[in-house]
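The values are calculated or read from the model by the stated rules, or taken from the named source; none is laboratory data. All figures in this text were calculated on a predicted structure; none of them were measured in a lab. With ideal geometry, Cβ positions are generated from the backbone for all residues, glycine too; neighbour counts draw on all protein chains shown.
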Amino acid sequence: MQVQEKENAFKVHETSIEIAGKKIVIRTGLLARQADGACEVSCGDTKVLVTCVGSKQAREGIDFLPLTVDYEEKLYAVGRVPGSFGRREGKAPDKAILISRLIDRPIRPLFEPGYCNDVQIMAVTMSADDDNPTDTLAMLGASVAIGLAGLPFRGPLGAVRVSRVNGEFVANPGYEQIAETDIDIVVAGTETSIMMVEAGCKMVSEKDILAAIDFGHEQIKKQVAAQRNFFKAVGVQKREWEASPANEALKKLIDEKATAKLKESMNGVTDKHVRNDLVGQAKQAVVDAVAALPEEDPLKEISEKDIAYYLEEHEAVLMRAQVLDKGVRADGRRCDEVRPIFIETTLLPRAHGSGLFTRGTTQVLSVATLGVGEDAQRLDSIDPQKEKRYMHHYNFPGFSVGEVKPNRGPGRREIGHGALAERALIPVLPGLDKFPYTIRVVSEVLESNGSTSMASTCGSSLALMDAGVPTLETVGGIAMGLILEGDRFAVLSDIQGLEDFLGDMDFKVAGTKEGITALQMDIKIEGISLAIMKIALEQAKHGRIHIIDKMEAALPRPRSELSRWAPRIITIKINPEDIGTVIGPGGKMIRRIIEETGATIDIEDDGTVLIASVEGQGGEAARDQILGLVKRIAVGEIYKGRVTRIIPVGAFVEVLPGKEGMVHISQLDNKRVEKVEDVVSVGQEVIVKVREIDDRNRVNLTIKGVSSEEREKLEVPAKV
């Protein structure tokens, strides 16, 4: 009876949405009831708990939205104990960080302008099956949790993954379908607009991308409608909130004192330092004007932080008007013009491959390293994928923007940019059967003024080709921007930092001349239409081909030879039953081969053996030893062997590694032998023929039965 009363205390509400035959269930009221908003989102046996908590007041001095989004995976979700030393979940893996960013990017622009209260969203995967990915469920759950919390949010928001299977688009596909598709795209948006796109593709056309986004948007509309009905059923109450009124007096003062210098900073200035200096002069002019005001003037109390905020707002107005009215950008370029490009390869003599890509004042040095199977990254996550053989890492030090910044390892932005470049290059990499290497590329940002992720993609494509990786095509990337005011808009090619910061869109498109391999779109407004996306994609295509032409002029194709310092890999296939023989008791045999040859050896479960060595002779020696270990001895075969021990009735000869037979004393010579030591000694090389393998699998050998012609072929002096 007590249990029944406890159950009745919960006010549980539940709804469901059907997407492509799969039922998504949204429930609230049972878990995490002290959060401002909480919901469970389930599909199949996958369940994500998403919570939202927003502070009642903004912190003093905050002029931005302090939004924190954290996605976590619990390994109990798949019934597994964590593999770490402490046997508990530790630092968030890259996948969790990428999903956190995926949730953050479409919801951040939908909070009301001027809302500066702290907001925290947490998504925790508590159960996971082997068919339904969690990322889009967490994104949907974030929108529901924010709505339940009643925050000033211009949603709801929907999210869906789209793949193409057998020529048909599929919404929210399973892991197996994703592995086989040529389009893997996540779309987020409201009922009227697209907010975010993240895609990995196998060189598909712009037309197909637009069709996939349009298909996904239809599924998003269903999610948005279901959320609106759900909030009505729950009885959500919106929090009362009003934006602070603008300081019109300060805006007028900035217009009077800063406009001239700000316009000068946008009059074809290509040097970032010069532009920053002019903006600094504009700010100082305003600060000086405030200082000269009478003490009773209300502006005397204004802070430099407020001045900087309104100055940036005014700078955006001037920059956007110049683009829309004149079609001229701050650095003097046309809207579709790409900055000057400089390329160099093989900068680092000991690295396996390197590519320097400079576009305007953005510069990235990418370095490729070739490794072996044991260098692959092991993944301890709930996904079916357990290892990665291609890794792209991106570093963004403070000096790249002329700042003092402590180096505390990669942040979320660095991990996101590295993942985007990685996704862009995967479709052109050769399969393991053709190029059995683990590949790591590191992109070092040396200068930054917009679109370092796409510069990393270009530099990394060059580095891979410089390393001799037989990539299918050259991959280039470009970042597109947008200025949108009412019905007027301009799409910008190859945006620089100012246009990214003060514009409405950052739309990164990477691919080959044939098609798109990766795409990422973020916006700062309430969404854009497919019509604008179509224009942006077509303009991006022209820019991408221009960039690839420059890259191919510097390095037309992958180098035909690997770097002298790269390992050479020999691949052989053995019977899986022989794996134990090669490894030996406690790994004794494989350790001996590695020590003797200096090679690195990886053995797959299917019997594929990868032998790597910087010096080719070591790899060949290891190959010969392994083949010798697994080779079956047959009657009539001739071997060059070594005498390992002597007994009164004969000598034992090792004919293959770890395999020996006995030469009876009667088989040592054509004449009678009194003592075995009269003919052979321990350590001596001899030519033997397999005379017999008895029913106990013992190998009997002969020396006297080897003809002179057979002996000459193996180049061992005759003893008989």
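Odds and ends about this structure:
- Pairs where the first residue, in segment 693-705, is at pLDDT 90 or above and the second is basic (Lys, Arg) and not in a loop (DSSP other than H, G, I, E, B), C-beta under 7 Å, 6+ apart: Asn700/Arg691; Leu701/Lys689; Leu701/Arg691; Thr702/Lys689; Thr702/Arg691
- Taking the criterion of being modelled with pLDDT under 95 and among the acidic types (Asp, Glu), the residues of segment 73-111 that qualify are Glu73, Glu89, Asp94.
- Any chance Val204 is closer than 23 Å to Arg108 by Cα, in contact (Cβ under 8 Å) with a residue 24 or more places away in the chain and either assigned by TED's automatic domain parsing to the domain that holds Leu102 or surrounded by 21 or more Cβ atoms within 10 Å (Cβ to Cβ) (or both): no
- Of all residues in segment 343-360 being crowded, with 19+ Cβ neighbours inside 10 Å and among the polar types (S, T, N, Q), the one that is nearest to the chain's Cα centre (by Cα): Ser354
- Taking strands (runs of 3 or more DSSP E) as the structural unit, those lying wholly within segment 586-688 and holding at least 3 residues that are closer than 17 Å to Arg698 by Cβ and modelled with pLDDT of 90 or more correspond to 638-647, 650-656, 659-664.
- Test: residue in segment 104-112 that is surrounded by fewer than 19 Cβ atoms within 10 Å (Cβ to Cβ), out of contact with any strand residue (DSSP E or B) (no Cβ under 7 Å at 6 or more places or on another chain) and over 22 Å from Thr46 (Cβ atoms): yes
- Residue count, segment 20-34 (criterion: buried (at least 21 other Cβ atoms within 10 Å of the Cβ) and either touching a Lys or Arg at 6+ places or on another chain (Cβ under 7 Å) or aliphatic (A, V, I, L, M) (or both)): 2
- Qualifying residue in segment 31-48 (condition: at pLDDT below 90 and under 30 Å from Tyr115 (Cβ atoms)): no
- Out of Leu157, Leu210, Leu151, sole residue that is farther than 27 Å from Arg27 by Cα, among the aliphatic types (A, V, I, L, M) and either buried (at least 19 other Cβ atoms within 10 Å of the Cβ) or in contact (Cβ under 8 Å) with a residue 40 or more places away in the chain (or both): Leu210
- Boolean, Ile594 is farther than 19 Å from Lys659 by Cβ, of a type in the set (Val, Ile, Thr), surrounded by 13 or more Cβ atoms within 10 Å (Cβ to Cβ) and not assigned by TED's automatic domain parsing to the domain that holds Ser460: yes
- In segment 172-184, residue surrounded by the fewest Cβ atoms within 10 Å (Cβ to Cβ) [restricted to those that are out of contact with any Lys or Arg (no Cβ under 7 Å at 6 or more places or on another chain) and not charged (D, E, K, R)]: Ala179
- Test: residue in segment 99-112 that is touching a Ser or Thr at 6+ places or on another chain (Cβ under 9 Å) and assigned to a loop (DSSP other than H, G, I, E, B): no
Residues checked against (1) touching a Phe, Trp or Tyr at 6+ places or on another chain (Cβ under 9 Å); (2) within 30 Å of Thr438 (Cβ to Cβ); (3) in the same structural domain as Ile254 (by TED's automatic domain parsing):
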{"site": "Leu311", "(1), (2), (3)": "no, no, yes"}
{"site": "Gln322", "(1), (2), (3)": "no, no, yes"}
{"site": "Cys335", "(1), (2), (3)": "no, no, no"}
{"site": "Leu347", "(1), (2), (3)": "no, yes, no"}
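- Boolean, Asp466 is surrounded by fewer than 24 Cβ atoms within 10 Å (Cβ to Cβ), of a type in the set (Asp, Glu) and within 22 Å of the chain's Cα centre (by Cα): no
- Qualifying positions in segment 160-178 - without any contact (Cβ under 8 Å) to a residue 40 or more places away in the chain and hydrophobic (A, V, I, L, M, F, W, C): Val165
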